[in-house]
Amino acid sequence: MFPSVAQAAGFPASYSVLHKYGADNCVAKLTAAGQSIAPCSQWPFAFTPEGLSDDINEDVKNGSGNKQSEKTQAAFAQLRFGFDEWKLPIDGNVGIRVVRTQNSALGYTSFAGTEQAKLGLGGVPVANIPVYQKLETFKNTYTDVLPSMNLKLQAASDLQFRLALAKAIARPDFDKLQASTTLSQTINTTATTVTSVSQSGSAKGNPMLLPTRSTQADLTGEWYFSRAGSLTVAAFHKDLKDIVINQTTNFQLPDASGKPQSFSVTSPVNGSDGNLTGLELAFQTYFDKLPGWLSGFGVQGNFTYVDSKTKLHNPVNSPYCTGTANSADNFGLNLNGCDVDGRQFGNLPLQGLSRKAFNLGLMYDRGPLSARLAYSWRSRYLQAVNVNGTQGTDGLVTDPNSPNKGQTNVAWGLPVWAEKYGQLDAGVSYKLLDDQLSLGLEAQNLNSARQRQLMQQHVGYMTRGLFYTGPRYVVTARYTF
């Protein structure tokens, strides 16, 4: 459901009105099922428009709060050196950093309870699971040793080379470290019969995540052919460990008789390794030898090529997805993605990385006037695998070895990509009052580019969404004192 603009306006009063619709619906459902309406007040989105309360535990419980802490301790040592007397002078440094990280997160795991009215129906049996709520604090501690070395070789007065070797870490974002999990039991029925039961859940994050670790090397050549001109060539390689991906795991919750029930919970995990190798070219110059006002013109550009690969910690080598549900046992679906005919994709690159990208810019700088016209472009890149809206359980079974061949009961989930995209931007500024005051005009997306989102299938890439924002103009004024 999507509210109209009039309905959504008037924050914060409209917030209370919109959430009341959900609470009223909850009351009606639970009353019909013969249950108490108490769980309605425990919905993850049933919080007040005034914002957070004074009790952070209650805010975490109802979904409006996120309590985390991070403490780091680090020690660093570095040695600098230089050999200026050599024919080809070399200088640089070697160092090591030791970092200890301590994280904690407060999280609430909740289950609203089984719909009692459906326990007595025939068909598929329904587990009677009582209301479950548990507030926990999760703690995670890890230590990283990060050596580095940087060298610079001066081949000539205008030519130098750099080599950098290092280990590095990238900690997960705080939104991926949240500890709250919501479990649900979906019971599909006809008038008197239960046709199917599914037990699933979603975690806002995973407080036990480790950082993504990188062992990396960069080699760069820099040629400064004029006072305002340079040409740079850089090659780089990174080996990545513990990349964060979404994966489904089992969460055990006992029913009323004590028998454990398995809920399929999707959460971020350190589930993949990878590597990337690339090359970057960059060029910049001003035409300062031209006469008069023409000497203020310049050009700038760069091009990047990246080849990336991933290696799953729990690889799935089968060419077909065999699971009949979007559940924890269907690893191929959640890691490789599956087409609507049951075939897996596999060999997916790292998310968020385009294979090719370039930027071109025309510049003008002379006196108080400065202007830029820039075009930026990147090729298609992977956004996610098996996301909401690109999945189902009615895929055609085409596996020749499956006894269910020809049936439409296999789960499918399509990888989502961002299509290639190029945008033209511009900006101009003028300095006044001895350079203290600067007036400017900035324009973005002058070419009215549209961003297209794609769903991958073996027959090709199909459009999932189209985003059009049009041009944007900003007037700026800056004063320095």
Checklist entry - Listed residues Ala155, Ala127, Ala166, Ala170; which is in contact with an Asp or Glu (Cβ under 6 Å, 6 or more places away or on another chain) and either surrounded by fewer than 16 Cβ atoms within 10 Å (Cβ to Cβ) or of a type in the set (Gly, Ala, Ser) (or both)? => result Ala127
Next on the checklist: Among the residues of region 326-343, are any small (Gly, Ala, Ser) and outside any loop (DSSP other than H, G, I, E, B)?
Outcome noted: yes
Item to check | Condition met for Thr398 (out of contact with any helix residue (DSSP H, G or I) (no Cβ under 8 Å at 6 or more places or on another chain), closer than 30 Å to Thr248 by Cα and polar (S, T, N, Q)) | outcome: yes
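A quick yes/no check of all residues on (1) in a loop (DSSP other than H, G, I, E, B); (2) among the small types (Gly, Ala, Ser):
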{"residue": "Gly120", "(1), (2)": "yes, yes"}
{"residue": "Asn128", "(1), (2)": "yes, no"}
{"residue": "Gln133", "(1), (2)": "no, no"}
{"residue": "Thr141", "(1), (2)": "no, no"}
{"residue": "Ser184", "(1), (2)": "no, yes"}
{"residue": "Asn188", "(1), (2)": "no, no"}
{"residue": "Val194", "(1), (2)": "no, no"}
{"residue": "Ser198", "(1), (2)": "no, yes"}
Item to check | Meets criteria (touching a residue at least 60 places away in the same chain (Cβ under 8 Å), surrounded by 14 or more Cβ atoms within 10 Å (Cβ to Cβ), more than 25 Å from Gln351 (Cα to Cα) and not acidic (Asp, Glu)) for Thr390 | outcome: no
Checklist entry - Which of the following residues is in contact with a Gly (Cβ under 8 Å, 6 or more places away or on another chain), more than 30 Å from Ala164 (Cβ to Cβ) and surrounded by 15 or more Cβ atoms within 10 Å (Cβ to Cβ): Gln300, Gln261, Gln284, Gln247? => result Gln247
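Residues are listed down the side, and each one gets a yes or a no for (1) closer than 25 Å to Ser448 by Cβ; (2) of a type outside the set (D, E, K, R):
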{"residue": "Asn336", "(1), (2)": "no, yes"}
{"residue": "Arg343", "(1), (2)": "no, no"}
{"residue": "Leu353", "(1), (2)": "no, yes"}
{"residue": "Arg372", "(1), (2)": "yes, no"}
{"residue": "Thr398", "(1), (2)": "no, yes"}
Item to check | Ser214 within 30 Å of Gly406 (Cβ to Cβ), under 27 Å from the mean Cα position of the chain (by Cα) and among the hydroxyl-bearing types (Ser, Thr, Tyr) | outcome: no
Next on the checklist: Condition first: at pLDDT below 95, surrounded by fewer than 16 Cβ atoms within 10 Å (Cβ to Cβ), within 29 Å of the chain's Cα centre (by Cα) and assigned to a loop (DSSP other than H, G, I, E, B). Can you find one or more residues in region 452-467 that meet it?
Outcome noted: yes
Checklist entry - Which of the strands (runs of 3 or more DSSP E) contained wholly in region 344-416 include at least 3 residues that are over 30 Å from Ile243 (Cα atoms)? => result 356-366, 369-378
Item to check | Subset of region 249-307 (residues that are of a type outside the set (Phe, Trp, Tyr), in contact with a helix residue (DSSP H, G or I) (Cβ under 9 Å, 6 or more places away or on another chain) and either over 30 Å from Pro125 (Cα atoms) or not in a strand (DSSP E or B) (or both)) | outcome: Pro268, Gly271, Ser272, Asp288, Lys289, Leu290
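The values are calculated or read from the model by the stated rules, or taken from the named source; none is laboratory data. Predicted model, so just to flag it, every value in this text is computed and none were measured. Positions of Cβ are backbone-derived with ideal geometry, glycine not excepted, and every protein chain shown enters the neighbour counts.
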